[in-house]
Amino acid sequence: MPKENRQGGLRKAIGYSRRAPGQLTALLVVLVLVCLAAGLGAALDVQRRQQVLGGVIDRGGPLTGAAVEIYQSLSDANATAVSAFLVSSVEPADMRARYESNINEASAALSTAASGSPTGESAATVTRLAVYLPRYAGLVERAKAYNRQGQPQGAAYLREASHLVQSTMLPAAQRLFHAETTRLAQAQSDAGVIGWVFLGVGMLALGGLVVVQVYLARATRRVLNAGMLAATVAAVAAFSWYGIATTSAAERSVASRQSGSAAVEAFAEARIKALEARSDEALTLVARGNGRSYEDHFISVRDELNNGILERARAAAGDETSGHIRNAIDAWYSWVERHRDLRSQDDTGSYDDAVRRATSGDSGLLSSRVDTELGAAIARAADTFRREAVQARDALAGAGIGIGVLMVLAALGVWFGLTPRIREYR
Amino acid sequence: MRILVVVAAAVLVGACGAQTQDSVPVGVPSVVVLPSGVQDPAVVPDVSTKPCNPKESLRPGPSVSGGAVAEIKARGRLVLGVGSSAYLLSHRDPISGRMLGFEAEIAREISAAIFDGDRDKIQFRSLNAAERISAVRGVDDSGKPVERVDMVMAGMTMTCDRREKVAFSAEYYSAGQRILVNKGSGIRSKDDLGGRKVCASATSTNIRTLAELPAKPIPVAAANTSDCLLLLQQGQIDAVSTGDVILAGLAAQDKATEIVGPSFTEEPTGIAIKRESSDLVRFVNGVLESMRASGKWQTLQGDWLSEYIGGATPPVPVYAVE
């Protein structure tokens, strides 16, 4: 194409756009695109938030809950199996029942964890735990079979089973718990951010609509343009909806973290340590004078609980849970005292008295109470978490589609408001 | 207008779009479950080059005031290290909670001698094989203090190497290393062990013996011999090889195993006592002497062991020239 012609074409285009119909057409296109883009962006943002919150409710919550449950039931199953070995004569029925319900709970929690669609490392951990669980149960049953025949080979199987739980399965359950709580906290903080970006875009679109109407009013001397007015109303409605829905969802999400999952984490940490202490007490006795490493571990766990973990649990407790946490902490301190008595009995040769104290005496009762109270607090906090997270998701219900439709209506309003004006110039 | 419809459709589709999960199927992990403290292959313990008569002990004598026996008496109980669940020798009966076995009964004789006929002034402490010498001395190899026991009676072979660290009573049983296998394994003696995994307790003399066999088995060490039986039952090893008395206790708990081949070592078994407590060594030797003389030793051997390894006569004590 010759150079002159092209320059001529360009000049002509500039000239056209300088005239009113050209300007209006350009404004029409820009406004329609801004409305659609703002609507699309806000709708996608709402949809992303819904997905994050859905993941928090359907995946994050159940997975972290299942991880705690797996840890708790395995640890309790092992402490119970070990304690049952200490009791002379036939395994007591209540211990048998407690062991079995723990194995059932661990199994159920593993299938909950698996159905929570864990990813990556967590999926591998869940699979490993699922592979180990029947092996563990098999070893314990074999230990019991030997025990009933009065043969000490049962103790070797019990040691192997206990070693599997202590050194492989519990650390894996703990890793799963930490990975999933970290992921959950991340998702909750993602959903807890207020959408300033799209609120800004919305203000921009609204500003554009107002400016064009002022311009039209001056250019045409008609004060109101019905289409443009409708577009403005739709845009105001869309972005008010966006602002209210996302802000309230963000508040709920923060609440679900603070009085829900963060409390669950603090309580679960205390419960895990208390369970470790309980296993240590039983294993020290089973080791029969050779349990120094277990008693050392008990002491280090005790210090961790006394110097921080219990304080964090107390701080995290809300109105619903503070009673349980107070009871748990009281029971813990009494237990530590009873434990000291128990150890001095064992160390001075009163082995049978120490065993009685650990299995059916005050030490056993107090350690059970610590666990029960912490378990109740965790259940309460988990309810709060779920309630707030569901409310956060519900706050966004319909907002994505609603905002999208409203902004399409705004774009239509712009179209129907400006096309007659453009036609007037022809 | 058509553009609007397309964009609106995109908004709606986007809002309802299915979220994608990035979960991946996980392969079946390979899982090996072992008792704690298994070494495969085993660390072979060093052996002393110092010559000695491993069976030698001190001539029986009375307890002295201010000595180790007086200390036990003042404390009110004898603290005794025993093996972990050594059936027939010393094990805790799961039904009654009592310690039972040949060694436990010898310990009761010692208790009766110290405490004027009270047979049960004993605090049993179970020990893994590797912990026995440290427990007698009250310090471990790195010099760290550990809880001390007055004596260890846990099928412990008297060796020149161990004599440098602890004293031994006179021999209370003459054991010999043999082999325990699954019935029908095809292993008939030590010559069939080439390339096979054979288990004994960690730091025991049996590991060294296995490592030096001409057939070249692969020694595997476990924390104690009951773990060896467990590994055999789980198919993780091919044989257990240790003193015949201990093997008898394992075979008695599993009818699908058998002890094969002649014994290929001489393993004098003694009670380990702190070197400084020479009055306790003499006292214990006096108790053993009277057990042999009264026929008590023979009765206990008949009660606990003869059914599994046949009758035996008490070992003849060897006392050092003083």
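Only the coordinates and a few stated rules stand behind these numbers; no lab work does. Keep in mind that what you see is a predicted model, and the values were worked out from it rather than measured. So basically every Cβ, Gly included, is an ideal-geometry build from the backbone, and we count neighbours across all protein chains shown.
A few points about this structure:
- As a length-normalised measure over Cα pairs under 8 Å and 6 or more apart, the relative contact order of region B:177-260 settles at 43 percent.
- For region A:202-215, backbone phi angles converted through the Karplus equation (6.51, -1.76, 1.60; θ = phi - 60°) give residue-by-residue couplings of x, 4, 4, 4, 4, x, x, 4, 5, 4, 5, 5, 4, 4 Hz, Gly and Pro being listed as x.
- Pairs of Cα atoms nearer than 8 Å and 6+ residues apart set the relative contact order; for chain A it is 28 percent.
- Between helix B:2-16 and chain B: long-axis angle, C-alpha atoms, 0 to 90°, nearest 10: 20 degrees
- Note on B:Glu307 and A:Ile422: the model spin-label points, each 7 Å out from Cα along the C-beta direction, lie 10.6 nm apart.
- Angle in degrees between helix A:399-424 and the longest Cα principal axis of chain A, rounded to the nearest 10: 10 degrees
- A simple spin-label model places the labels of A:Asp341 and A:Arg387 4.0 nm from each other, with each point 7 Å out along Cα-to-Cβ.
- DSSP beta bridges confined to region B:177-260 are antiparallel in about 55 percent of cases.
- Cross-link partners of B:Lys274 among lysines (Cα-Cα below 24 Å; sequence separation of 8 or more within a chain): B:Lys50, B:Lys55, B:Lys73, B:Lys121, B:Lys144, B:Lys165
- Global form of region B:59-157, assessed from the alpha-carbon gyration tensor, a/c cut-off 1.5: oblate
- Per-residue mean of C-beta atoms belonging to partner chains within 10 Å, peptide A:158-165: 5
- When DSSP beta bridges are restricted to pairs lying wholly in the protein assembly as shown, around 55% turn out antiparallel.
- Antiparallel %, DSSP beta bridges [both residues in chain B], to 5: 55 percent
- Spin-label proximity, A:Leu204 to region A:42-83 - amide N less than 12 Å from point 7 Å beyond Cα toward beta carbon: A:42
- Residues A:Glu295, B:Glu276, sorted so that the one with the fewest Cβ neighbours within 10 Å comes first: B:Glu276, A:Glu295
- Calculated FRET efficiency, B:Val33 to B:Ser65, Cβ-Cβ distance, R0 = 41 Å: about 0.15 to the nearest 0.05.
- Note on A:Tyr242, A:Tyr157, A:Tyr146, A:Tyr333: ascending count of other Cβ atoms within 10 Å places them as A:Tyr333, A:Tyr146, A:Tyr157, A:Tyr242, the fewest first.
- Relative contact order (%) - criterion: Cα under 8 Å, at least six apart; region: region A:126-256: 24 percent
- Amide H contacts of B:Arg59 (H built 1.01 Å from N, under 5 Å, at least 5 apart or other chain): B:Ala320
- Inter-part distance, region B:76-104 to region A:351-371, computed on C-alpha centroids, equals 24 Å.
- Sparse packing (at most 13 other Cβ atoms within 10 Å of the Cβ) combined with a DSSP loop state is found for the following GluC sites (Glu not before Pro) in region B:133-172: B:Glu164.
- The helix-based estimate of mean residue ellipticity at 222 nm for the protein assembly as shown, built from -39,500 (n - 2.57) per DSSP H run of four or more residues and divided by its residue count, is -20500 deg cm²/dmol to the nearest 500.
- Cα-based helix-to-principal-axis angle, A:120-148 vs chain A, degrees rounded to 10: 20 degrees
- Across peptide B:252-265, the average count of Cβ atoms from other chains found within 10 Å of a residue's Cβ is 1.
- Partners for B:Lys197 among lysines (Cα-Cα distance below 20 Å; same-chain residues under 8 apart left out): B:Lys183, B:Lys216
- Set of aspartates and glutamates with alpha-carbon distance to B:Lys190 below 16 Å, sequence-local pairs under 8 removed: B:Glu212, B:Asp238, B:Asp244, B:Glu258, B:Glu266
- Cβ-derived FRET efficiency at R0 25 Å, B:Thr49 paired with B:Ser142, nearest 0.05: 0.60
- Highest-first arrangement of A:336-344, B:205-213, A:264-272, A:252-260, where packing means the average Cβ count within 10 Å: A:264-272, A:252-260, B:205-213, A:336-344
- Sequence of A:Trp335, B:Trp304 once ranked by neighbouring C-beta atoms within 10 Å, starting from the fewest: B:Trp304, A:Trp335
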